[in-house]
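Single-structure report; data block below.
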Amino acid sequence: MNRYDVVIVGAGPAGLSAAIEAAKNGMKVVVFDENSKPGGQLFKQIHKFFGSKEHKAKIRGFKIGEELLKEAYDLGVEVVLNAIVLSLHGEKELTVKVNDEVRHVKGDAVIIATGASENMVTFRGWTLPGVIGAGAAQTMMNLNKVRPGNKILMLGSGNVGLVVSFQLMQAGCEVVGLVDAAPRIGGYGVHAAKVARTGVPFYLSHTIVEAEGTDHVTGVTIAQVDEKFQFIPETEKHFDVDTICLAVGLSPMSQLLKNAGCKIVEDPKRGGVVPEVDELGMTSIPGVFAAGDVSGIEEASSAMIEGRISGAAVSEYLGYITKEELEEKIKVNEAALDSLRQGMFAPKNRGKLVEKTDEGIDVSMNLLKKGFVADEEIERFPGVTHRVGIHPVMECTQNIPCNPCQEACKKGCISIGSNITSLPIVVENSSCINCGMCVASCSGQAIFLVDEDLGDGMATVTLPYEFIPLPKEGTKGKGLGRDGKPVCEAEVVSVKNMKAFDKTNLLTIKVPKEYAMKARFFKAV
């Protein structure tokens, strides 16, 4: 039997972060993961993270995974893949199947960071090939380089549904619609807005009636639902699709902890069946900790911080650091975690309709119901300003924890202030130099550089663009509004890409000046 100071189950963001923290404190660490590649969900996430620099904001998920892996390996962490942990029992002993070999491992402490699994919903035809989870679609696209389908309907408007819908289009799929039984969009408005401006319609208060086909999906019918989620007759809508993606939430994978005898509770606010843990993540079994989604569904940024807290807590529990050192580490990490739990999407606001921003501005109801801020609403937000010459226009309209734009602008044109969830503003008397760093750094793709009047009746709009083929200078097409509908003729006058932009291209289009504050996407014709 092999012995370790700490055994970690799960090589995702929480598990790797815990391993790094424990190894930094001199512990012998092993991490087991059932997958053939470490990193959990991180390597499927090609979008840029929210938060601050401390939360690895504006860095793409797979890059964060690479950084964590390198740090773990450099610290001597042993990562064992294709390893299924069959049981946790006795004095923190684990039975692990590695390929075809069964091993017995013992740890002085154990951290369970098994993450979460995708939820499913049932409807007629839900077992047909072509009905898949959004996470499975991400795996196919971003890990295996396989397009999940050609014409796809997405069910679920939380962040997963919104992000994966965008990534499906990046992979060359057509998303025919985004459907949710809830009356309002569940994820970040900036994620919804970048989907809406490509022309994808949202169907809120709708759900799937039936997946059609015999041996595979050939179509889908949706219908509107009332406040009791019952179908409303004669509201059916049909779509020809070959794939239906389900993004209807996650459930903590707490089975290992339950079978080990840890006290388990039902907590809908944490995602379902979760272990009862103290403030450091220790379960009811001394020396057994839980970190990340297994103890409550949150974003990957939060999971990484929880992992660091667990790694520090284990280090103190086994005597590798002092209580004072632990308290200092907890103080820093809890402050970082607290900042991610503020704003409109804080845990305390789950399920609630937030009608005003922290600044007292009316939230866009159009955004919540249709996925985009209406033209008549956008002007009330502080980042949307008018100036002579090129200037940033920040269509960030919800209090979410994110501030890369503030740090990206070396000229100090953009300010969020000390509160990471504040809406960004354009600083008075500042001078934009058209470097484009704010546009490229925005994790929500919600910043544009606008010159409202070139003097010849035309204007320019610089927007983020992450699709292929990349339009070339001189390409003519249509400027699309926030709703994804054509609003004007447009021509590409500049295409920029730099290493600092991290694969976000900056497309500058020329449009009639009356559409400078309306054209937000480009479609070649």
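The values are calculated or read from the model by the stated rules, or taken from the named source; none is laboratory data. Note that this is a predicted model, so its numbers are computed, not measured. FYI the Cβ positions are ideal-geometry reconstructions off the backbone, even for glycines, and counts take in every protein chain you see.
Annotations
- Which listed residue, of 470, 463, is more than 21 Å from residue 371 (Cβ to Cβ) and at pLDDT 95 or above: 470
- Criterion: in contact (Cβ under 8 Å) with a residue 40 or more places away in the chain, in contact with a strand residue (DSSP E or B) (Cβ under 7 Å, 6 or more places away or on another chain) and outside the structural domain of residue 229 (by TED's automatic domain parsing) - qualifying residue of 92, 97: 92
- Subset tally (residues that are of a type outside the set (Ser, Thr, Tyr), in contact (Cβ under 8 Å) with a residue 40 or more places away in the chain and more than 12 Å from residue 192 (Cα to Cα)) for the range 359-378: 5
- Filter pass, residue 519 being in contact with a Cys (Cβ under 7 Å, 6 or more places away or on another chain) and either in contact (Cβ under 8 Å) with a residue 24 or more places away in the chain or not in a strand (DSSP E or B) (or both): yes
- Residue 451 meets all of the listed conditions (1) among the acidic types (Asp, Glu); (2) loosely packed, with under 14 Cβ neighbours inside 10 Å; (3) touching a residue at least 60 places away in the same chain (Cβ under 8 Å) but one, namely (2).
- With respect to the conditions (1) under 26 Å from residue 225 (Cβ atoms); (2) assigned by TED's automatic domain parsing to the domain that holds residue 89, residue 149 falls short on a single one, namely (2).
- Selection over the range 179-198 of residues that are in contact (Cβ under 8 Å) with a residue 40 or more places away in the chain and over 19 Å from residue 445 (Cα atoms) gives a count of 4.
- The lone exception for residue 208 - which of (1) more than 25 Å from the chain's Cα centre (by Cα); (2) within 26 Å of residue 116 (Cα to Cα); (3) not in a helix (DSSP H, G or I) it fails: (1)
- Of all the criteria given as (1) assigned to a helix (DSSP H, G or I); (2) in contact (Cβ under 8 Å) with a residue 40 or more places away in the chain; (3) closer than 27 Å to residue 53 by Cα; (4) of a type outside the set (S, T, N, Q), the one not satisfied by residue 348 is (2).
- Residue selected from the range 43-55 under the condition surrounded by fewer than 22 Cβ atoms within 10 Å (Cβ to Cβ) and more than 24 Å from residue 144 (Cα to Cα), by the criterion nearest to the chain's Cα centre (by Cα): 52
- The range 262-279, residues that are surrounded by fewer than 16 Cβ atoms within 10 Å (Cβ to Cβ) and within 18 Å of residue 326 (Cβ to Cβ): 278, 279
- Looking only at the range 489-525, and only at residues there that are surrounded by fewer than 18 Cβ atoms within 10 Å (Cβ to Cβ) and polar (S, T, N, Q), the one that is nearest to residue 459 (Cα to Cα): 494
Per-residue answers, yes or no, for (1) assigned to a loop (DSSP other than H, G, I, E, B); (2) at pLDDT 95 or above; (3) touching a Phe, Trp or Tyr at 6+ places or on another chain (Cβ under 7 Å):
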| residue | (1), (2), (3) |
| --- | --- |
| 444 | yes, yes, yes |
| 490 | no, yes, yes |
| 500 | no, no, no |
| 514 | no, yes, no |
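- Filter pass, residue 420 being without any contact (Cβ under 8 Å) to a residue 24 or more places away in the chain and over 25 Å from residue 198 (Cβ atoms): no
- Residue within the range 303-323 that is within 29 Å of residue 44 (Cα to Cα) and polar (S, T, N, Q) present: yes
- Within the range 228-282, tally of residues that are in a strand (DSSP E or B), free of Cβ contacts under 8 Å to residues at least 60 places away in the same chain and among the hydrophobic types (A, V, I, L, M, F, W, C): 6
- Residue within the range 168-185 that is farther than 27 Å from residue 230 by Cβ and of a type in the set (Lys, Arg) present: no
- Some residue of the range 253-266 being touching a helix residue (DSSP H, G or I) at 6+ places or on another chain (Cβ under 8 Å) and of a type in the set (Ser, Thr, Tyr): yes
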